[in-house]
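Worksheet for the structure shown next.
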Amino acid sequence: MKYYEIPNSNLIVSKLALGCMRLAELSFEEAEKLIYTAREWGINVFDHADIYGNGKSETIFGEVLKKNPTLRKQIIIQTKCGIKEGYYDSSEEHILASVNASLERLNTDYLDVLLIHRPDALTDFSEVAKAFKILRGEKKVKFFGVSNMNSIQIEILQKHLPNKLIFNQLHFNVVHSLMIDEIFNVNIANDYAVNRTGDILDYMRINDITMQAWSPLQISLTKGTYLDHPDYLKLNQKLHEIGTKYGISPAAVAVAWILRHPAQIQVVVGTTKPASLRELVKAVDIELTKEEWYDLYLSVGKKLP
Amino acid sequence: MKYYEIPNSNLIVSKLALGCMRLAELSFEEAEKLIYTAREWGINVFDHADIYGNGKSETIFGEVLKKNPTLRKQIIIQTKCGIKEGYYDSSEEHILASVNASLERLNTDYLDVLLIHRPDALTDFSEVAKAFKILRGEKKVKFFGVSNMNSIQIEILQKHLPNKLIFNQLHFNVVHSLMIDEIFNVNIANDYAVNRTGDILDYMRINDITMQAWSPLQISLTKGTYLDHPDYLKLNQKLHEIGTKYGISPAAVAVAWILRHPAQIQVVVGTTKPASLRELVKAVDIELTKEEWYDLYLSVGKKLP
Amino acid sequence: MKYYEIPNSNLIVSKLALGCMRLAELSFEEAEKLIYTAREWGINVFDHADIYGNGKSETIFGEVLKKNPTLRKQIIIQTKCGIKEGYYDSSEEHILASVNASLERLNTDYLDVLLIHRPDALTDFSEVAKAFKILRGEKKVKFFGVSNMNSIQIEILQKHLPNKLIFNQLHFNVVHSLMIDEIFNVNIANDYAVNRTGDILDYMRINDITMQAWSPLQISLTKGTYLDHPDYLKLNQKLHEIGTKYGISPAAVAVAWILRHPAQIQVVVGTTKPASLRELVKAVDIELTKEEWYDLYLSVGKKLP
């Protein structure tokens, strides 16, 4: 495993984080084995959200923590709040209630990182600031970040906070690469040029906010993975070719594509299988050439102007 | 009625403004009655433009002012300039000529607020600054703002001005909600994610510029109102339901939807009927719950990611 | 000819630059004649790129320079680097190698201006800064700029540089006018409102970066010119009408349309024919009225809201 130092924090995080969304689907034994496999391969960040499995993912994780009390100090636990059934809620009341419930489920007295999961259009930013202040004061949360937000959403929230937001978690991979498409297609009369991310990638680089990439292997929330997907034959062929060259799986090449970007992106891998996790971890040991990175991007069917 | 204090000014404005575009369609008596109804219900802002009714809307308003000389001091008169037949013009010459003509039509020697109506792509910003300086020096205009502009258009104009722009008037309502759609759909490969407003809502909150919402009940300039429109059955059902709960009309609920936003948006209502105005004013006395606000938004057919 | 002073430099440039992309198609004699025609009409900027004609355009230009040694001091030579076969590359290694090869081909020991041709998504900006520092230290390049970049791409690169970027070269004309369409259509639910340039035009005005317009007569890289194009009958009719009024060609009117903008845009004309060049140069001697500028824009089929 390799690690990043996260600006504006004392965190040193593994390049891959384990996404715990689907932990709820596992038995206690399976979950424990997955978590220990992650630890064995050097992963030290575990990414949760209050809503994953309706809380059950945090609950199982908390049970593993309880049984293995030395684990807590070795790892970085991150969770998220702000999504309710049918709407988003970044009110002070909801943030505090959500964190307290997460702490209880996780069997821990602190979170290393809390992210606002989705932007609530009705956010009163002074309420968020107040909630964060309380949580920090009570030593319940060490660092804060956001998820699925663009530049100005970070800007306006940051304006109300005394400490810097450290993460923004976004859907990103070689297929879902809007933030790259925008960069290449500036001032072109096509759909790739369309600004849908508020220049988020360059914004985060300028402001030392670390991107976490969610769903590194998914086309979209509804369309599933692009691995072996018939719409992405050329991409899959390239992933295989390059995987063969480096002795890693196509999925690991897809993860390596994200890691190749100089923005130092952390990849949240959500597999529930220890064997798959072991394969993906190999992505950190290779570095794609610039040509390979572009070849993969272009093999999706995108073009350079 | 309830009121907002407008940052960077000494203005205290009613949450609703009377939009005077269609005053030109009224007789003197009808116009006078409408204006007095507005006053009676606490509305103190009257929104004009040099082009409304080809100047006739300002003329009728000016006649009412002339007949009721005590009225002028009690109210805030705002007008706009910058649209000519076939093009936009923010030249010094046009701004000065337009304001002088508006003052004459309105039978007043000052405007409380002047807005640039639309962005003229050929604007020489130092000319705008010069025109504003002259108008302020001659005590013809107290405060300045813009309309239909995005963040950077405000930024570049503001850079040339000694005083802060206080308003930006934009089309906004539960159906025409591009600036909300953008917030929710960051980094999604759909049309709702498309940046068409330059993040204007968050930008105005950061910079203490007050938004005025025009056409709070219209889909677009050509498609008419969404009230009782067959394409918006579910929305209208919700508007009725919530209206029944609070004892106000569906139209008033639609206005309340805008007022619910924490950005402190002033709503410009353009009705010409005193009875309709009385109904709409009731919007200021209720506050939608967060769930109701989201329910209305989603009932238009939009989705949260 | 008329000239612009370029902010943050000591350059005084002609309003038209000669685009040398197609010099590779000419014989030595033709190229020499074209260059001398440009000089005769006051053009002092010659725009190259390492990839034009696979280097042959620079080579021919270098041969003309060699034969006419007094020419070098009278002119401003600009070239670009960063595009490789199949991908973009703004690495230190590639920038240095490309500039050295360009200098050799051009038979000169310095470039007045170097532009990064396209944004490389994998750019390590500290490498660009290092390359620029070396090139300036060795007196190989006097000033730096970019091409086809939006606001934040300039922002992040600029953040790493001690001196200001002076140019951004972009495709712009009355047909390909995304950066104008965006200005007019803020907050409208149509495709013209879509932000595809990162508000680049206003950004450059705010930051004193001069725009160079490439392909002033082309619809797009693949669709050819709009002059006499059947899809643009009304535009061509207007170009003729206005050309007749001022005694210049329709093409010159199209160039004058760009020059009319107050941002002080330099137009890169890429003709290879001395006679055409002479016609285009006449654009600098007229100034379209505001009405004519808007009429031309609207004659493309675009609308003002």
Worksheet item: C:P119: part of a loop (DSSP other than H, G, I, E, B) and more than 14 Å from chain A (Cβ to nearest Cβ), yes or no?
Response: no
Worksheet, complete the sentence: Filter region C:204-235 for residues that are more than 17 Å from the chain's Cα centre (by Cα) and crowded, with 20+ Cβ neighbours inside 10 Å; the one that is nearest to the other protein chains (Cβ to nearest Cβ) is C:Y226
Item to complete: Kindly indicate which of A:K164, A:K238 is of a type in the set (D, E, K, R), within 24 Å of A:E287 (Cβ to Cβ) and at pLDDT 95 or above.
Response: A:K238
Item to complete: Please state which of the following conditions B:F125 fails to meet, knowing it meets all the rest: (1) of a type in the set (F, W, Y); (2) out of contact with any Lys or Arg (no Cβ under 8 Å at 6 or more places or on another chain); (3) at the interface with chain C (Cβ under 9 Å from one of its Cβ atoms).
Response: (2)
Worksheet item: If we scan region B:172-184, do we find a residue that is surrounded by 24 or more Cβ atoms within 10 Å (Cβ to Cβ), within 21 Å of B:H48 (Cα to Cα) and modelled with pLDDT of 95 or more?
Response: yes
Worksheet item: Taking region A:266-300 as the search range and keeping residues that are of a type in the set (S, T, Y) and either surrounded by fewer than 18 Cβ atoms within 10 Å (Cβ to Cβ) or within 30 Å of A:G53 (Cα to Cα) (or both), which one is nearest to the other protein chains (Cβ to nearest Cβ)?
Response: A:T289
Worksheet, complete the sentence: In region B:17-55, anything free of Cβ contacts under 8 Å to residues at least 40 places away in the same chain, more than 21 Å from B:V113 (Cβ to Cβ) and touching a helix residue (DSSP H, G or I) at 6+ places or on another chain (Cβ under 7 Å) is listed as B:F28, B:E32
Worksheet item: Across region A:233-256, what is the total count of residues that are touching a residue at least 24 places away in the same chain (Cβ under 8 Å), in a helix (DSSP H, G or I) and over 20 Å from A:S177 (Cβ atoms)?
Response: 1
Discussion item. So B:Y192 passes all but one of these: (1) more than 7 Å from every other protein chain (Cβ to nearest Cβ); (2) within 21 Å of B:Y232 (Cβ to Cβ); (3) crowded, with 23+ Cβ neighbours inside 10 Å. Which condition number does it fail?
Written reply: (3)
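Among the residues of region C:154-175, write down those that are more than 7 Å from every other protein chain (Cβ to nearest Cβ) and farther than 21 Å from C:L135 by Cα.
Of the residues in region C:154-175, the ones more than 7 Å from every other protein chain (Cβ to nearest Cβ) are C:154, C:157-158, C:160-169, C:172-175.
Answer for region C:154-175, where residues must be more than 7 Å from every other protein chain (Cβ to nearest Cβ) and farther than 21 Å from C:L135 by Cα: C:F172, C:N173, C:V174, C:V175.
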Discussion item. Going by what's in this entry, would C:G82 be described as surrounded by fewer than 18 Cβ atoms within 10 Å (Cβ to Cβ), touching a Phe, Trp or Tyr at 6+ places or on another chain (Cβ under 7 Å) and within 14 Å of chain A (Cβ to nearest Cβ)?
Written reply: no
Worksheet item: Could you count how many residues in region B:169-179 are farther than 27 Å from A:A193 by Cα and not in a loop (DSSP other than H, G, I, E, B)?
Response: 1
Item to complete: Just one of (1) within 27 Å of A:Y3 (Cβ to Cβ); (2) within 10 Å of chain C (Cβ to nearest Cβ) trips up A:Y246, so point out which.
Response: (2)
Worksheet item: Going through region C:272-300 one residue at a time, which ones are of a type in the set (G, A, S) and touching a residue at least 24 places away in the same chain (Cβ under 8 Å)?
Response: C:S276, C:A283, C:S299
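Scan region A:180-207 for residues that are in a loop (DSSP other than H, G, I, E, B) and free of Cβ contacts under 8 Å to residues at least 40 places away in the same chain and jot them down. Outline the logic, then answer.
Start the filter on region A:180-207 by keeping residues that are in a loop (DSSP other than H, G, I, E, B), which leaves A:185-199, A:207.
Result: A:V186, A:N187, A:A189, A:N190, A:D191, A:A193, A:V194, A:N195, A:R196.
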Fill in: Which numbered condition B:I116 misses (of (1) of a type in the set (A, V, I, L, M); (2) in contact (Cβ under 8 Å) with a residue 12 or more places away in the chain; (3) farther than 29 Å from C:V174 by Cα)
(3)
Worksheet item: For region A:1-75, which strands (runs of 3 or more DSSP E) that fit wholly inside it have 2 or more residues that are crowded, with 19+ Cβ neighbours inside 10 Å?
Response: A:12-14, A:16-19, A:45-47
Worksheet item: What tally of residues in region A:88-110 results from selecting those that are among the charged types (D, E, K, R), within 14 Å of chain B (Cβ to nearest Cβ) and buried (at least 19 other Cβ atoms within 10 Å of the Cβ)?
Response: 1
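In region A:239-257, what residues are in contact with a Pro (Cβ under 6 Å, 6 or more places away or on another chain) and crowded, with 19+ Cβ neighbours inside 10 Å?
First pass over region A:239-257, keeping only residues in contact with a Pro (Cβ under 6 Å, 6 or more places away or on another chain): A:239-240, A:243, A:255.
Once the filter is applied, which keeps residues that are in contact with a Pro (Cβ under 6 Å, 6 or more places away or on another chain) and crowded, with 19+ Cβ neighbours inside 10 Å, region A:239-257 yields A:L239, A:G243, A:V255.
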Worksheet, complete the sentence: Counting only residues that are within 22 Å of B:V45 (Cα to Cα) and not in a strand (DSSP E or B), region B:76-90 contains a total of 1
Worksheet, complete the sentence: Just one listed residue, out of A:V113, A:V146, A:V141, is within 23 Å of B:K290 (Cα to Cα) and crowded, with 21+ Cβ neighbours inside 10 Å, and it is A:V146
Worksheet item: Given the structure, is A:R105 in contact with a Gly (Cβ under 9 Å, 6 or more places away or on another chain), within 24 Å of A:L170 (Cβ to Cβ) and of a type in the set (K, R)?
Response: no
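The values are calculated or read from the model by the stated rules, or taken from the named source; none is laboratory data. Note that the structure is predicted; figures quoted are calculated from it, not measured. Cβ atoms come from the backbone with ideal geometry, glycine included; neighbour counts cover every protein chain shown.
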